[in-house]
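The values are calculated or read from the model by the stated rules, or taken from the named source; none is laboratory data. Given the structure is predicted, the values throughout are model-derived calculations rather than measurements. Backbone-built Cβ (ideal geometry, glycine too); neighbour counts: all protein chains shown. With ligands, DNA and RNA removed, areas are computed over all heavy atoms of the protein, side chains included. Shrake-Rupley method; radii C 1.70, N 1.55, O 1.52, S 1.80 Å.
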Amino acid sequence: MLNFLVFYREDNFNPKKFDARQWAREIKNAGMNAIILTCKHHDGFCLWQSEYTDYCVKSSKWKEGKGDVFREFTDACREFGLKAGFYLSPWDRHEKTYGTPAYTEYYNNQLKELLTNYGDIGLIWFDMPNRLTPEQSRRIVEHVHALQPNC
């Protein structure tokens, strides 16, 4: 498995050979049944058209700000019969409300975008124990199950 981390700035996000169908095809051919996409890592850059921040693909040169990596990813997963999943970092170094009570609402709003605008989501990867209180974690999991009971 290849893992790598790239920190983006919205003005330099412009992938030239992005092909979510190729990812899904290769995962399917390898005999796997699900993929998890890092939709937002700790730098806060969102790979979807978020209503809650401009620090996302809508402020990029990629597809003139009209692209949506997560949309193409979930469409490809469905096409190849794979479960689509995502990682949404609970730590956001870009969001000014991080570390305040308002951040829980911000985070839940972004979760809601990903869980309600892209069809069935099969799984989510969380690494919350070091980032959120147990109460915040419990509320987030309840929020997920309310929006995607099979997730």
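List the cysteines of the chain that have no other Cys Cβ closer than 4.7 Å: which are they?
Cysteines of the chain left without a disulfide-compatible partner: 39, 77, 151.
Heads up, I need the accessible area for residue 142: 1.4 angstrom probe, whole protein in place, Å², nearest 10.
100 Å²
Among DSSP bridges having both ends in segment 5-151, what percentage is antiparallel? Round to the nearest 5.
Numbers: 1 of 11 bridges.
Close to 10 percent.
So, taking all protein chains as they sit and a 1.4 Å probe, how much accessible area belongs to residue 52, in Å² rounded to tens?
Only protein atoms counted, so the area is about 90 Å².
Just to be sure I understand, if you calculate Rg and Dmax of the Cα atoms in Å for this structure, which of [x] 15.2, 44; [y] 18.9, 61; [z] 14.4, 39 do you get?
[x]
Give me the one-decimal nm value for the distance between modelled label points at residue 19 and residue 133, 7 Å along each residue's Cα-to-Cβ direction.
With each label point 7 Å from Cα toward Cβ, the separation is 4.9 nm.
Between residue 83 and residues 5 or more places away or on another chain, which pairs have amide H atoms under 5 Å apart, with H built 1.01 Å from N, and which residues are they?
Sorted by chain and number, the residues that satisfy this are 34, 35.
Charges only on Cβ, +1 for Lys and Arg, -1 for Asp and Glu: so what's the dipole of the chain about the Cα centre, in debye to the nearest 20? Don't skip to the end; give the middle numbers.
Values: 20 positive and 20 negative charges, 66 e Å.
My answer is approximately 320 debye.
At R0 = 22 Å, how high is the FRET efficiency between residue 59 and residue 117 if r is their beta carbon distance? Nearest 0.05 is fine. Don't skip to the end; give the middle numbers.
Working: r = 18 Å, r/R0 = 0.84.
My answer for the efficiency is 0.75.
Give me the extension gain from residue 147 to residue 36: residue separation times 0.36 nm, minus the current Cα-Cα distance, reported in nm with one decimal.
Values: separation 111, 0.36 × 111 = 39.96 nm, distance 1.81 nm.
Gain on stretching residue 147 to residue 36: 38.1 nm.
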